[in-house]
Amino acid sequence: MAVSVFGELLITAGLVLGLFVVYSLWWTNVVADRAAGRQADKVREHWAEQDTGPGALDTGEGIGFLHVPAMKNGEVLVEKGTSTKVLNDGVAGYYTDPVKATLPMTGKEGNFTLAAHRDGHGAKFHNIDKLKQGDPIVFETKDKWYVYKVYAVLPETSKYNVDVLTPVPKESGRTKPGHYITLTTCTPVYTSRYRYVVWGELVRVDRVDSARTPPKELAG
């Protein structure tokens with residue numbers, strides 16, 4: 001009798017665990033993608049309503065969209081902050097702490113540092129390991145396309161390593177100020193033990209035309 005009851009408990013526990021996995025890795029993606037889609041629509045509507053000025057810094061819903069063809073994740077809305085509350089909405093967030101990101105729209109030299117989930121809640125950086133040297137990373141604002149090229153990858157580092165976020169990311173091999181972008185997420189997959197880091201450098205800024213024709217790096 002005891003063995004039978006214990007067996008039933010194990011089966012029940014297995015079912016609960018299975019449902020939790022489905023929730024974590026599938027349903028949270030559905031919910032996050034819906035939330036991100038609504039926010040993205042608001043940002044583009046906001047841009048369309050403005051007749052003059054860049055407008056990218058005036059919206060509370062997001063500052064622009066990240067496009068990374070190698071990750072095959074579509075456009076990713078970028079919002080302020082890297083808290084769980086922000087990232088769980090299926091977006092990428094720019095760092096405000098412990099090292100403040102330098103937004104490209106300011107025109108200042110520095111490091112545009114971003115984070116996003118790798119699994120669950122939209123998993124926008126799930127395929128970050130597909131990025132390699134020379135791959136494009138494009139950031140879209142209301143009036144400009146900022147085109148970066150990957151130049152260095154750090155597959156694993158401590159989650160407490162804030163040096164990867166500094167204005168001049170020396171761990172990437174750079175020693176002089178420039179216009180950099182840094183993508184960070186958890187690693188290995190399905191854990192948050194370490195951080196995966198990709199660095200890029202600005203190679204070009206294109207004006208957005210009336211048709212919002214994407215740069216050649218996003219063609220096809």
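Coordinate-derived values only; no laboratory data. In this text, all values refer to a predicted model and were calculated from it rather than measured experimentally. Cβ atoms come from the backbone with ideal geometry, glycine included; neighbour counts cover every protein chain shown.
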| Charge tally in the Cβ shell below 14 Å around residue 37, where Lys, Arg are +1 and Asp, Glu are -1, residue 37 excluded | -2
| request: Mind giving me the FRET efficiency for residue 210 and residue 133? R0 is 35 Å, r the Cβ-Cβ distance, nearest 0.05 is fine. | output: 0.55
| query | Relative contact order for the range 56-199: what is it in percent, counting Cα pairs under 8 Å that are at least 6 residues apart? | reply | 23
| task | Report the extension gain between residue 193 and residue 219 in nm, rounded to one decimal, defined as 0.36 nm multiplied by the number of residues separating them, less their alpha carbon distance. | result | 5.8 nm
| request: Give the percent of DSSP beta bridges with both residues in the range 69-190 that are antiparallel, rounded to the nearest 5. | output: 45
| task | Two decimals is fine: what's Rg over Rh for the range 67-220, C-alpha atoms, Kirkwood radius as Rh? | result | 0.93
